[in-house]
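**Q** I am attaching a structure below and will ask some questions about it afterwards.
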Amino acid sequence: MNVLTYLPSLDPKLGGTVSATLNICRLLGQAGHNVRLVTYCSTPVAETDFEICRLVRGWRGTFSASAVRPHLKWSDCLHLHTPWFPENALLQRAAAGMDRPAVLSVHGMLDDWCLAQKRLKKRLFLGLWGSRMLRGMNWLHC
């Protein structure tokens with residue numbers, strides 16, 4: 001299976017989500033799947049069992065869906081991490097339009113404590129497009 005994963009940054013200073021994402025990609029690769037991680041990060045990563053594709057941001061530093069589209073065509077499945085990246089909503093919609101299933105690993109970020117942090121910002125995000133993205137996911141990995 002060809003699995004496309006997206007994470008904007010691989011900087012280890014960002015903590016657990018980066019580490020967990022890299023570990024999931026490694027384990028999928030070791031299990032025989034073809035894994036491609038797309039990112040905007042230029043931080044070097046130790047030897048991997050999967051491909052890392054560095055993207056270039058679009059006009060004025062924005063997310064470029066057209067840069068990810070060829071990777072989506074390659075994939076059989078899209079794997080996203082954390083609900084709070086606005087790009088995830090765009091990627092989920094693009095994957096649905098290409099009949100690619102999508103899974104979101106929430107990394108504990110939908111529990112009560114996490115939702116209470118920066119509450120207004122998260123409620124706004126969920127109201128604008130986050131809830132639609134969550135409903136559009138084929139699977140949630142908790």
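The values are calculated or read from the model by the stated rules, or taken from the named source; none is laboratory data. All figures in this text were calculated on a predicted structure; none of them were measured in a lab. Positions of Cβ are generated from backbone atoms using ideal geometry, with glycine treated the same way; all protein chains shown enter the neighbour counts. Remember, those area values only see protein heavy atoms, side chains included, never the ligands or the DNA or RNA. Shrake-Rupley method; radii C 1.70, N 1.55, O 1.52, S 1.80 Å.
**Q** Given the conditions (1) in contact (Cβ under 8 Å) with a residue 60 or more places away in the chain; (2) open to solvent by less than 20 Å² (accessible area, probe 1.4 Å), and given that Trp74 satisfies all but one, which numbered condition is not satisfied?
**A** Unmet condition: (2).
**Q** Any residue that is in a helix (DSSP H, G or I), among the aromatic types (Phe, Trp, Tyr) and at pLDDT 85 or above - is there at least one of those in segment 44-56?
**A** We begin by selecting, within segment 44-56, every residue in a helix (DSSP H, G or I); these are none.
The answer is no, given that none of the residues of segment 44-56 is in a helix (DSSP H, G or I), among the aromatic types (Phe, Trp, Tyr) and at pLDDT 85 or above.
**Q** Among the residues of segment 92-115, which ones are over 22 Å from Phe63 (Cα atoms) and either in a strand (DSSP E or B) or open to solvent by less than 30 Å² (accessible area, probe 1.4 Å) (or both)?
**A** Cys114
**Q** Anything in segment 1-21 that is without any contact (Cβ under 8 Å) to a residue 60 or more places away in the chain and not aliphatic (A, V, I, L, M)? List them, or say none.
**A** Pass one, segment 1-21, residues without any contact (Cβ under 8 Å) to a residue 60 or more places away in the chain: 9-15, 18-19.
Those that are without any contact (Cβ under 8 Å) to a residue 60 or more places away in the chain and not aliphatic (A, V, I, L, M): Ser9, Asp11, Pro12, Lys13, Gly15, Ser19.
**Q** So, one more: Count, please, the residues in segment 78-91 that happen to be open to solvent by 50 Å² or more (accessible area, probe 1.4 Å) and either at pLDDT 90 or above or in a helix (DSSP H, G or I) (or both).
**A** 2
**Q** What number of residues within segment 117-130 are out of contact with any helix residue (DSSP H, G or I) (no Cβ under 9 Å at 6 or more places or on another chain) and within 21 Å of Thr17 (Cα to Cα)?
**A** Number of matching residues: 4.
**Q** Separate question: Considering (1) modelled with pLDDT of 90 or more; (2) closer than 24 Å to Lys122 by Cβ; (3) open to solvent by 30 Å² or more (accessible area, probe 1.4 Å), say which one Arg26 fails and leave the rest.
**A** With respect to (1) modelled with pLDDT of 90 or more; (2) closer than 24 Å to Lys122 by Cβ; (3) open to solvent by 30 Å² or more (accessible area, probe 1.4 Å), Arg26 is out only on (2).
**Q** Run down Arg69, Arg36, Arg26, Arg57 and say which single residue is of a type in the set (D, E, K, R), under 19 Å from Gln92 (Cβ atoms), free of Cβ contacts under 8 Å to residues at least 60 places away in the same chain and touching a Phe, Trp or Tyr at 6+ places or on another chain (Cβ under 9 Å). If you could, list the steps in order and put the result at the bottom.
**A** Working: Arg69 fails: touching a Phe, Trp or Tyr at 6+ places or on another chain (Cβ under 9 Å); Arg26 fails: under 19 Å from Gln92 (Cβ atoms); Arg57 fails: under 19 Å from Gln92 (Cβ atoms).
Answer to the selection: Arg36.
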